[in-house]
1. Assuming R0 = 45 Å, what is the FRET efficiency of A:Leu97 and A:Leu43, from their Cβ-Cβ distance, to the nearest 0.05?
2. Excluding same-chain pairs closer than 8 in sequence, count the lysine pairs in chain A whose Cα atoms lie under 27 Å apart.
3. Express in % the proportion of alpha carbon pairs of chain B at distances exceeding 24 Å.
4. Loop only by DSSP, 10 or fewer other Cβ within 10 Å of the Cβ. Give me the chymotrypsin sites (Phe, Trp or Tyr not before Pro) in the stretch A:1-73 that pass, ordered by residue number.
5. Is the C-alpha gyration tensor of the stretch B:118-242 telling us rounded, prolate or oblate? Criteria: a/c under 1.5 is rounded; beyond that, a/b larger than b/c is prolate, otherwise oblate.
6. Using a Cα-Cα cut-off of under 14 Å, which aspartates and glutamates could be cross-linked to B:Lys55, ignoring same-chain neighbours fewer than 8 residues away?
7. If the elastic network links every pair of Cα atoms under 10 Å, which of B:Ala162, B:Ala21, B:Ala92 fluctuates the most in the Gaussian network model of chain B?
8. What size of dipole, in debye to the nearest 20, comes out for the protein assembly as shown about its Cα centre when the only charges are +1 on Lys and Arg C-beta atoms and -1 on Asp and Glu C-beta atoms?
Amino acid sequence: MNTFMRWAGFIVVLFIAAPLVIVVPMSFSNASSLQFPPPGYWLGYYRAYFTNADWLIPTWNSILIATATTILTMALVVPATFALVRHKFRGKGFADLMMLMPMAVPHIVMAVGYYSYFGDLGLVHSHLGVILAHTCLSVPIAFLVLSANLKGFDRNLERAAQSLGASPAKTFLHVTLPILRPGLVISSLFAFIQSFDETVVAIFISGRDAETLPRKMFDSIRQEADPVIAVISTLLFVVVLVGIAAPYFASALRSRAPKPSRPAGAH
Amino acid sequence: MGISLSKLTEKTNIWPWLLLAPLGIYMLIFFAVPLVDVAIMSFTEPKVSFANYQKVLTGALYQRVFLNTFTTAAFVTLCCLLVGYPLAYLMAHSKPRTAMLILLLVTMSFWTSFLVRTYSWMVLLGNNGPLIAFLQMIGVDNPPQLLFTRFSSTLAMVHILAPYMIMNIYTVMKKIDPALIRSAESLGAKGWSLFRHVYLPLTAPGIANGSVLVFVICLGFYVTPVLLGSPREQMVAGLIGHQIEEFLAFGLGSAMAMILLVVTLIILTIYHRRFGLDKLWG
């Protein structure tokens, strides 16, 4: 059983890895259409991406929309999470569930809703429309991460600060927030990625004016499978690799240090 | 001071509502209203009637698409389980270094945009791709069309959704107490029977978690089936998009969206009763 599972596992590793490694050589290909292995290599498609407004504007739109979505999401979620984790009140279970609802509704259903509703409000094809929609979709994930962090928070630290004479506001600013910072950072990051990656709602409501990168990629893949997508894929892949591998390597380095410091908590 | 503060909040109990209000109002305006809008449109577009539901529930095309969606979701879930279980096992029972490398790979896959992964499968399965070349090399003269078929979209969906399954099963496997396995062995269980009667039941919560998650996400999948699937075997989400974009048939699209939503919520409600919805993504 053991050996069988191991072999099966290794085959699955190849299956998981194959699509991830294939886009990198593809991005350097000089073929004019999808062809693997590439007949030759050049950097032409990188130049095409970095000089073409058709690709750069959607990239910029996505960054802008994801940033605004993150700020709005955190502004709404942080106080709500404090209310839900630290207070007991009637209807709390219901409120908890409502926070997770946008995660349970298929995006295509929300897309139909936004398409019609934002159409009436004049928000279709605008950055604001996409930001407002994406914020709803980012709320559950930001809440999950943050509430997990807040539940593990040792409230004696706040009580200690207050017993030493700190006002509630001071306590919050100088004790609560610094301890929660890793949770806030990860929560924001998740909200950002959720928005940056979101495709279905963006396809329906972003239009050409607020076109996001995933929407542009979707259209491009559907129409002609432009090889520039391999370049974007590679770039996104590198971003993810850096984002994920960096903490791994950091912790590997730390564990090799002569005096291992205590783990910082929220990992 | 701290005591008096907490006494105050206990008595008045207005704080949680003040803190919740901004998000609550926001979600009401930008989440609940659009959803209710879909529900209303499904009964009122183009005129007030049950015609949309009648059409969707009895029309041959719509029935076929719904059936195809459910069978695809079930099949993808099964494949994710068959693919994910051994990989989770490998991760949970390897040397730390190997386990970390595989975990890194799965995490990478999980965080890579599913558009990127869909595109990669287009390259891999395309007519000038490595898989067709391999088939020709081993002597298949007329290799079958792989792209834009049920095969290609299913394969890509399994690849995209497998990490959800793997993570859920892996988490459970990591927590299994090795003493349980050892004591089962000392009582004479080994090989298949050890796996069947001891190991598999211990991992059942992870399997349930992963399966519900994969099935529900797959039901509503739009992008991958539209880009990679056969146009003749649409999934519900694709058909909804088609109705809205091409025909501006908001009534029909909304009725299908409502059915999709209700089915999804029923599955998640059953799940929530047994396990708790917040466990699903944790």
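1. Approximately 0.30, to the nearest 0.05.
2. Here the count comes out as 4.
3. Values: 25711 of 39621 pairs.
The answer is 65 percent, as a whole percent.
4. none
5. Since a/c reaches 1.5 but b/c is at least a/b, the shape of the stretch B:118-242 is classed as oblate.
6. B:Glu45
7. Checking each option, the largest mean-square fluctuation is seen for B:Ala21.
8. Working: 37 positive and 22 negative charges, 458 e Å.
The calculation lands at about 2200 debye.
The values are calculated or read from the model by the stated rules, or taken from the named source; none is laboratory data. Here the structure is a predicted model, which means the values were calculated and not measured. In this analysis, Cβ positions are derived from the backbone assuming ideal geometry, glycine residues included, and neighbour counts consider all displayed protein chains. The area values use the complete protein model at the heavy-atom level, side chains included, leaving out ligands, DNA and RNA. Shrake-Rupley method; radii C 1.70, N 1.55, O 1.52, S 1.80 Å.
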